[in-house]
Amino acid sequence: CATIMNSVTVEPAWEITALEVMRRDPLIGSMGLKCLFPNGLIESAGIAFQGHIPVDLGRDEPGNRHNEIMEVPAIQWAFAIHRVKALTGNLDDLLWNPHVGWDDIDDSLVVKSKGWKIFYCGQGAGIHQPRASRGSNSENASRLNLENAHRFWKRWGLWNKY
């Protein structure tokens with residue numbers, strides 16, 4: 001299955017390489033694809049952690065970079081392919097304030113904790129309109145995002161680093 005937010009416009013042949021890599025490695029549970037900003041710069045080429053803070057790999061680099069395929073700690077679920085078996089019965093969507101962040105990073109860690117691999121494939125790309133689905137950058141949205149961050153850090157034993 002794929003998660004492609006209504007805020008993503010896919011580029012031609014975006015899925016071909018990712019599906020082939022997943023076919024060859026049955027332990028890949030989720031595969032994120034390259035998310036580009038509308039200006040052509042990279043929004044995310046996978047997610048890593050700096051301490052307790054998740055960071056988008058490749059952020060603001062030219063869109064022609066990060067074409068590799070690699071295992072990563074987490075991915076953006078705005079544009080990803082998933083193995084149904086890796087998701088079924090594993091995700092707790094009622095835990096999160098919706099559309100304000102952190103849930104896709106948590107979902108990646110949950111899938112990984114169940115023994116599945118998380119990969120990034122730079123051979124497929126989509127243009128993402130950030131915040132188009134999420135809504136505003138209002139004070140309330142910021143408060144809900146911080147609540148999600150606190151919940152995430154506590155859930156994954158990162159609270160003391162915060």
Checklist line | Members of segment 45-55 that are in contact (Cβ under 8 Å) with a residue 40 or more places away in the chain and within 11 Å of the chain's Cα centre (by Cα) | finding: Ala45, Gly46, Ile47, Pro54
Next item on the list: Determine whether Gly58 is in contact (Cβ under 8 Å) with a residue 40 or more places away in the chain and farther than 16 Å from Thr17 by Cβ.
Entry: no
Next item on the list: Scan segment 111-122 for residues that are closer than 30 Å to Ser142 by Cα and surrounded by fewer than 21 Cβ atoms within 10 Å (Cβ to Cβ) and jot them down.
Entry: Lys112, Ser113
Check: Out of (1) exposed (fewer than 15 other Cβ atoms within 10 Å of the Cβ); (2) at pLDDT below 95; (3) out of contact with any Phe, Trp or Tyr (no Cβ under 7 Å at 6 or more places or on another chain), what's the single condition that is false for Trp159?
Finding: (3)
Checklist line | Residue match in segment 106-129 (condition: under 26 Å from Pro12 (Cα atoms) and in a loop (DSSP other than H, G, I, E, B)) | finding: yes
Note to self: I'd like the residue in segment 123-148 that is among the hydrophobic types (A, V, I, L, M, F, W, C), out of contact with any strand residue (DSSP E or B) (no Cβ under 6 Å at 6 or more places or on another chain) and modelled with pLDDT of 90 or more and, out of all such residues, is surrounded by the fewest Cβ atoms within 10 Å (Cβ to Cβ).
What the structure shows: Leu146
Margin query: Here is a check on your reading of the model: is Trp77 in contact with a strand residue (DSSP E or B) (Cβ under 6 Å, 6 or more places away or on another chain) and either free of Cβ contacts under 8 Å to residues at least 40 places away in the same chain or under 24 Å from Lys161 (Cβ atoms) (or both)?
Written below: yes
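The values are calculated or read from the model by the stated rules, or taken from the named source; none is laboratory data. If you're wondering where the values come from, they're calculated on a predicted model, not measured in any experiment. When we count neighbours, we look across all protein chains shown, and the Cβ atoms used for this are built from the backbone with ideal geometry, even at glycine.
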